[in-house]
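Beneath this line is the structure, given in structure tokens, with notes to follow.
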Amino acid sequence: MKKKILVVEDERTIADILVFNLEREGYEAIAAGDGPAGLKSALEDEPDLILLDVMLPGMDGFEVLRRVREKSQVPVIMLTAREEETDKVEALDMGADDYITKPFSMRELMARVKANMRRTVPPEAEPPAAAVEGRLMISPEQNTVYKNGRPLDLSVREYDILSFLSSTPGRVVTREELMEKVWGYEYYGDLRAVDVAIRRLREKVEDEPAQPKYIITKRGMGYYYDER
Ligand code: CA
């Protein structure tokens, strides 16, 4: 089945180009031209991913994102203006999975779409036997993390961070290395994105996010995974 992508963008030319290119890549694309319409579509049309502009009539992209996040963990990529540095961190902080700055190349955008598309677990998938008790259980076959036998609702990025850290338990990974390995190129200079992602990940993974047991901060150095 085709993955469905919602484009929330008030500039008609950009929206049309996005829809055209997404469809050419084999996605089903739907568009909304203002904030309220975008929110409605996000909640009712069950998109697999949302491209969300920040500056929108009716309701801005941050507000749309906030309201979507009350109900859904659908991957959201924010489209931000290049000059608005603070927008990026605010977007991540509010639960966006990624952002891309305008003007962007279509190739770059498609790469981001692909990278953030949730890898869906087949509904019939059974939790691995080892997932039933105790600590976290990461299942690379299912791209899923289980806690006490239940799958956690992680974004692609959150899964990738956890997966990377836990591949070498106890080894301290710098924020730069995490950014390079998990985010890929071009994010350099905005390491706050790593801290935001770690904080959100802890909220999902840890019993007490303020006193983490799995993802530990090594002050001044980075993070490591504790598997005890
Ligand atoms: Ca706009």
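The numbers here are math on the coordinates, done by the rules we state, and not lab data. Computed from a prediction, not measured in an experiment: that's the story for all the values here. Neighbour counts are summed over all protein chains in view; Cβ atoms, including those assigned to glycine, are modelled from backbone coordinates with ideal geometry.
Observations
- Available extension along the chain between residue 192 and residue 55 is 47.1 nm, counting 0.36 nm per residue and deducting the alpha carbon span.
- Exceeding the 21 Å Cα-Cα cut-off - candidates 147/218; 2/102; 3/204; 114/147; 2/114: 147/218; 2/102; 3/204; 114/147
- Residues whose amide H lies under 5 Å from that of residue 76, counting only those 5 or more places away or on a different chain, are 50, 97, 98; hydrogens are built 1.01 Å from N in the peptide plane.
- For the pair residue 89 and residue 46, the difference between a 0.36 nm per residue extended length and the Cα-Cα distance amounts to 12.9 nm.
- When the charge dipole of the chain is built from unit charges on Cβ atoms (+1 for Lys and Arg, -1 for Asp and Glu) and taken about the Cα centre, the candidate among 164, 109, 184 whose Cα reaches farthest toward its positive end is 164.
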